[in-house]
Amino acid sequence: DDTVIMAIPLDNPCTTVAQECRYDVCVARAPGQVPAPSEGAGIRRLDVGRYAVFLIEHTVRAIQEAWAACFSELKRLGYSPDFTRPVMERYAKRLVEQQRGELCVPILDTSSV
């Protein structure tokens, strides 16, 4: 019930044709629950920080539209993307059951500025 799958793009979907985009697909685990890497799989640790989270329909069209609009929407809201961390598609089981997912865009933390 608590399963969360992350899709982390290895290519820029704004400049790479959709059928050629590659992703790391990950299962989120709590610290201490991390299994040893199996053959062909590895462990990827993500840097912490703030993210803008866009709730989207879990359809190809909605995901493509979210990718196309997310950076201009961030700008409109007064946020700057943090390009040192990856944008991720997050699929929590509870949302997938409602045909939803999330596009998580890292943002710069300007609270200390």
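The values are calculated or read from the model by the stated rules, or taken from the named source; none is laboratory data. Here the structure is a predicted model, which means the values were calculated and not measured. Every residue, glycine as well, gets a Cβ built from its backbone with ideal geometry; the counts of neighbours run over all protein chains shown. Quick note on the areas: whole protein, heavy atoms, side chains included, nothing else; ligands and nucleic acids left out. Shrake-Rupley method; radii C 1.70, N 1.55, O 1.52, S 1.80 Å.
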Does the range 70-93 include one or more residues that are out of contact with any strand residue (DSSP E or B) (no Cβ under 6 Å at 6 or more places or on another chain) and within 13 Å of MET6 (Cα to Cα)?
yes
Those residues of the range 36-45 which are of a type in the set (Val, Ile, Thr) and either modelled with pLDDT under 70 or in contact with a Lys or Arg (Cβ under 8 Å, 6 or more places away or on another chain) (or both), in sequence order
none
Over the range 59-113, the set of residues in contact with a helix residue (DSSP H, G or I) (Cβ under 9 Å, 6 or more places away or on another chain), hydrophobic (A, V, I, L, M, F, W, C) and touching a residue at least 60 places away in the same chain (Cβ under 8 Å) is VAL87
Which ones in the range 1-32 are surrounded by fewer than 12 Cβ atoms within 10 Å (Cβ to Cβ), farther than 24 Å from VAL48 by Cβ and touching a residue at least 12 places away in the same chain (Cβ under 8 Å)?
ASP1, CYS14, ALA18, ARG22
Over the range 69-92, the set of residues closer than 21 Å to VAL25 by Cα, open to solvent by 80 Å² or more (accessible area, probe 1.4 Å) and not aromatic (Phe, Trp, Tyr) is THR84
Please verify whether GLN33 is within 17 Å of THR3 (Cα to Cα), in a loop (DSSP other than H, G, I, E, B) and modelled with pLDDT under 85, treating the condition exactly as stated.
yes
Selection count, the range 52-87, where residues are among the acidic types (Asp, Glu) and either modelled with pLDDT under 90 or part of a helix (DSSP H, G or I) (or both):
2
